[in-house]
Every structure is written in structure tokens, then in C-alpha cells.
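Enquirer: This is the structure, below, for whatever I ask next.
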Amino acid sequence: MSVNPMAYEAQFFGFTPQTCMLRVYIAFQDYLFEMMLVVESVILKKLDGFPGCKISPFQIRKSTEKFLLFMKEHFDKLFSKMEEVLLQLVLNIPKNVVLPEDKVHEQYPYTKEQFQALQDEIRQLQQQYRAEASAGQALRAELEEQKAVQAELEKILQWFDGLDNICREHGTSNFKESFAFLTQNSKKLQDVLKDVEEKSKKIKKHDQLL
Amino acid sequence: AGGDGGPPVEAAPGRAQVFATVVDTFLEKLVAAGSYQRFANCYRCFYKLQPEVTRSIYDQFVSQLQTSIKEEIQEVKDEGNLEVLFNSLDKIVEEAKNREEPAWRPSGIPEEDIRSAMVPYLLKHRSYLRKVLKEKEEENRKVAESVLAGRDRIAELQQLIQARKHAWQ
């Protein structure tokens, strides 16, 4: 016969039902014995008031034992029945019942593999998030750089516009053209100068040889 | 009997009720077994000598025994908060009344059992991560758009500057 440890009941009640029953049994039994001793001592005291009677304390003790034995037998039988009922109907959790604190186990019966998969998925999501976060940082850094570059370029444009405005203000609308003409001419001049230099070098050499 | 819609259906007694009834029955039967007749029979000599005293002693014995037993039961109920627990368990059992299969029980292996307990937290964590990841991706998408627009703008500015340069040459 296997003993049901009633562990789930213990989880709920905070004590093992059998232990509770045992405690109660011992307490009841103690009271019974105590009461009997009190009865006996009261009777003995009453007898002291009857010096002439032939009843000995020994007889009283025998009577007490007789009554107690009888009581104990019935007590044990009755308690046994009470214990059975209590353990079956009151201090028990039916097989089809799960305690509220354990509901998760029925809601999420994950196997080892499923659990692992869930953990892996979470890890992957964390990695992805980290990647997105650093990508975001890089993008924002470029945005800042762009702002600076745009500001510089716009300054240059403004400078050009400034020049145009000066020309317009001073009525020299083809200043641009003359400036362009000048730069081209100075280039031509430079080329011509180079030519002349080379030619004079050649002449000098020719002279020397002559 | 009778009435408007018939007598109300009596609910099955709750655990607290059964507990009280069972204890009362125990006491009743115990006292019935230890009857005055039996008591007087055991203490026959004294009974013959002092019948009223015998009766009085017996009555006190029974009364005191009942009191002690009832007090002990009350103490057990108070210490264990049994009244509340019984009602709570009755409710839990009532909720599961349509279910027939055996319910979950601790497997005895903590590593196995803790898995299910952790799953709801992991699921919450996962949905949180999915949410913030989506938000971050959306955020980055917007910033990327700005970056591309910025690059276009810079290219445009560079072109304008080139054009001005040429105009001055």
C-alpha cells in the first residue's frame, strides 16, 4: 500500500493533512486522559469525606481504567472515520483541479525545445535591435555632417551671388564677360611669353654656335 | 414546500460545513458511547454510594471534554486560516467542475516546472522587443530618407557652384 504524501494539498494548505490529523488526534487523546484523571481525583477526594466506606483507591483506579479503555476504543474508531472523511472530502484537492498559482503550467506547456526556440528568438530580436540602433546612430551622424557641408556650400553660393550683386550695382553687367575675357587673354599672354622665351633661347644658342 | 418557483436548490455543503459537521458528529457519537450508564457501571461502588455526585461528575466530564475538543478544533482552524482556505478551495473546485482530465501536478523537477512559469514573461519580453524593433526600423527609415535628400541637396549645390564658376571663366 503506497502512502499518498498529499504534497499538492500541502502546497495549498501550508501543512500536510495527515500531520494535521495526527496533531488533532494527539490533542484529543490528551484531553480524554486528562479528563479521566480529573474525574478520578475528584472521586477520590469525595471518598475522603467518607472515612467509613470500604471503597479503596485501587478500586477507583480499576474503574477509571475500565472506563478509559472503553472510551479509547470508541475514540479510536470514531476518530479513524472522521479522519477518513476529512482527508477525502475536506483536506483534499480533486485530481481534475489545478491551483490558480499553477495555471501557467496548463496555459503554457512548453517543451524544452519550444522554450529554447523562444529564448533564441528573443536573443535574435535583441541583436537586430542593437544593429538598428547603431545604424540609426550612423545615419544621424551623416545627417549632422551633411548640415555642415550644406552650410559651407551655401556660403560659397552666397559669395557668388554677392559678386553678381556688386556687378549689377555698379552697372558693369558685362564685368563678368570682361573678367572672363581678361583671364583668357592673360592665359594667351602667358602662352605667348613662353613661346617668345623659347624662341629667344634658340636664337641665343644659334648665336653661340655661330 | 411549495412557494412561487419551488424551493431553492441547495448547494452541496462546502468544506467548512463538512468539517464542522464531521467534528460535531464525532463528539456526539463519542459522548453517546461514553454514556452515563456506562460511566456509572464502571464506577459502580461509588455510584451506589453517591449517585447525585456521580451524575454531577459525569456531566462535568462530558462538558469539559466537549469544550476542550471544540477549542482545539477552533485553534487549528485559526492557525491554519482554514475557514478562508476551505471557501477558496471550494471556489477553485467549482470552477474546474466541467473538466474531467487530470490536472497538472508538480513534476518534482524544478527545471522542468519553472519553464512554464517563465514563458509568460518571455512572451511579454518578445512582444516588447518586436514593438521597439519595428519603431526603430520606422525611425531609421525616416532618417535614411532625410539623408538621401541631403545628399541630393549637396549634389545640387555643388552643381550650382560649378555653373557659377564656369560663368566667371
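Any read-out appearing in this document is the output of simple, stated calculations on the displayed coordinates, not a laboratory observation. This one's a predicted model, so the numbers in the text were calculated from it and none came from an experiment. Quick reminder, even Gly has a Cβ in these numbers, built from the backbone with ideal geometry, and neighbours come from all protein chains shown.
Enquirer: Which peptide among A:82-94, A:98-110 comes first, and what is the full order, when sorted by highest mean count of other Cβ atoms within 10 Å?
Expert: On the way: A:82-94: 17.8, A:98-110: 15.8.
Packing order, densest peptide first, comes out as A:82-94, A:98-110.
Enquirer: Could I ask something else about it? About the Cα centre, and with charges only on the beta carbon of Lys, Arg (+1) and Asp, Glu (-1), how big is the dipole of the stretch A:7-107? Nearest 20 debye, please.
Expert: About 680 debye.
Enquirer: Hey, got the dipole for the protein assembly as shown? About the Cα centre, +1 on K and R Cβ, -1 on D and E Cβ, debye to the nearest 20?
Expert: In debye, rounded to 20, the protein assembly as shown gives about 1020.
Enquirer: Give me the dipole magnitude in Debye, nearest 20, for the stretch A:56-210 about the Cα centre, with unit charges on the beta carbon: positive for Lys and Arg, negative for Asp and Glu. If you can, show how the numbers build up before the last one.
Expert: On the way: 24 positive and 26 negative charges, 101 e Å.
Magnitude of the dipole: close to 480 debye.
Enquirer: How big is the stretch A:52-108 in terms of Cα radius of gyration and Dmax, in angstroms?
Expert: 24.4, 84
Enquirer: Report the far tail of the P(r) of chain B, meaning the percent of Cα-Cα pairs longer than 22 Å. Let's see the in-between values first.
Expert: Working: 11059 of 14196 pairs.
For chain B, the share of Cα pairs beyond 22 Å comes to 78 percent.
Enquirer: Also, I was wondering about something else. Show me the ranking of peptides A:132-143, A:36-47 by mean Cβ neighbours inside 10 Å, starting with the highest.
Expert: A:36-47, A:132-143
Enquirer: Follow-up question, since we're still on this one. Which residue, chosen from A:Ile26, A:Pro57, A:Ile93, occupies the Cα position most advanced towards the positive end of the dipole of the stretch A:13-118, where the dipole is computed from +1 (Lys, Arg) and -1 (Asp, Glu) charges on Cβ about the Cα centre?
Expert: The one lying farthest along the dipole's positive direction is A:Pro57.
Enquirer: Over the Cα atoms of the protein assembly as shown, how large are the radius of gyration and the largest Cα-Cα distance (Dmax), in Å?
Expert: Spelled out, the Cα radius of gyration and Dmax of the protein assembly as shown are 52.5, 187 Å.
Enquirer: Could I ask something else about it? In 10 Å bins starting at 0, how do the alpha-carbon pair distances of the stretch A:27-132 split up by percent?
Expert: Histogramming the stretch A:27-132 at 10 Å steps yields 11, 19, 14, 12, 10, 9, 9, 7, 5, 3, 1 percent.
Enquirer: Return the long-range amide H neighbours of B:Ala103 (sequence gap of 5 or more, or a different chain), with a cut-off of under 5 Å between placed amide H atoms.
Expert: Answer set, sorted by chain and number: A:Asn96, A:Val97.
Enquirer: Distances longer than 20 Å among the Cα atoms of the stretch B:15-97: what percent of all pairs is that?
Expert: That tail contains 51 percent of the Cα-Cα pairs.
Enquirer: Still on this structure: Taking only the alpha-carbon positions of chain A and ignoring solvent, what does the Debye formula give for the base-10 log of I(q)/I(0) at q = 0.11, 0.12, 0.13, 0.14 Å⁻¹?
Expert: -0.95, -1.00, -1.04, -1.09
Enquirer: In peptide A:177-190, how many Cβ atoms from other protein chains are near each Cβ within 10 Å, on average? Working shown, then result.
Expert: Details: counts 2, 0, 3, 4, 0, 0, 2, 1, 0, 0, 0, 0, 0, 0.
Partner-chain Cβ atoms within 10 Å, mean over residues of A:177-190: 1.
Enquirer: Let me ask something else about it. From the residues B:Gly80, B:Tyr121, B:Gln66, which one has its Cα farthest along the dipole of the stretch B:56-140 in the positive direction, the dipole being from +1 and -1 charges on Cβ of Lys/Arg and Asp/Glu about the Cα centre?
Expert: B:Tyr121
Enquirer: Residue by residue through the stretch A:79-93, which ³J(HN,Hα) values in whole Hz follow from phi under the Karplus form 6.51 cos²θ - 1.76 cosθ + 1.60 (θ = phi - 60°), with glycine and proline marked x?
Expert: Once rounded to whole Hz, the list reads 5, 4, 5, 4, 4, 4, 4, 4, 5, 8, 10, 9, 8, 10, 10.
Enquirer: So if I take the centroid of the Cα atoms in the stretch A:125-149 and the same for the stretch B:23-51, what is the distance between those two points in Å?
Expert: 94
Enquirer: Across the stretch B:54-69, in residue order, what do the Karplus-derived ³J(HN,Hα) couplings come to in whole Hz, using 6.51 cos²θ - 1.76 cosθ + 1.60 with θ = phi - 60° and x for Gly and Pro?
Expert: 4, 4, 4, 4, 4, 4, 5, 4, 4, 4, 5, 4, 4, 4, 4, 5
Enquirer: Here's something else I'd like to know. Which whole-number percentage describes the relative contact order of chain A, with Cα contacts under 8 Å and a sequence gap of 6 or more?
Expert: 17
Enquirer: Would you work out which of A:Phe13, A:Leu44, A:Val3 lies farthest towards the positive end of the dipole of the stretch A:1-66, given +1 charges on the beta-carbon of Lys and Arg and -1 on that of Asp and Glu, about the Cα centre?
Expert: Value: A:Leu44.
Enquirer: Next question. Run the helix sum for the protein assembly as shown: -39,500 (n - 2.57) per DSSP H stretch of 4+ residues, divided by residue count, reported at 222 nm to the nearest 500 deg cm²/dmol. Mind showing how you got there, number by number?
Expert: On the way: 12 runs with 300 residues, N = 379.
It comes out at -28000 deg cm²/dmol, rounded to the nearest 500.
Enquirer: Also: List, in order, the whole-Hz ³J(HN,Hα) value for each residue of the stretch A:41-57 obtained from phi through the Karplus relation with A = 6.51, B = -1.76, C = 1.60 and θ = phi - 60°; use x for Gly and Pro.
Expert: 3J(HN,Hα) across the stretch A:41-57, in whole Hz: 5, 5, 4, 4, 5, 4, 5, 4, x, 10, x, x, 6, 9, 7, 8, x.
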